[in-house]
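Here's the structure, in structure tokens; my notes come after.
The values are calculated or read from the model by the stated rules, or taken from the named source; none is laboratory data. What you see is a predicted model; the values in this text were computed from it and never measured. Cβ: placed from backbone, ideal geometry, glycine included. Neighbour counts: every protein chain shown.
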Amino acid sequence: MSLYDDVVTVLKEEIGPSAPIFLDRCCRKHLRIRPAELTAAHLLPLADCCCTGVRGSLGDAVAERLRHEIAGLDHGGQGSDH
């Protein structure tokens, strides 16, 4: 499974079917990359972006859980093959 797919899986647990759209927006707007370019080097800033993006609607606990889960994804420094 690609890193992109792993992040979508984590996001889907909290935000449901809008997870791919949310991830696309975070990648393009905040990281300034296409989702296909997502690598392990992007995980910490992506985790922060996702946390900030859901905090207002889902609360602090969910936002921090997402931050922790996304930041903890391990792909050994490999890039995404999405």
>> Give me the residue from the stretch 1-37 that is of a type outside the set (A, V, I, L, M) and in contact (Cβ under 8 Å) with a residue 60 or more places away in the chain and, out of that set, farthest from LEU66 (Cα to Cα).
In response: SER2
> So which of LEU44, LEU23 is among the aliphatic types (A, V, I, L, M) and either surrounded by 16 or more Cβ atoms within 10 Å (Cβ to Cβ) or modelled with pLDDT under 95 (or both)?
Replying inline: LEU23
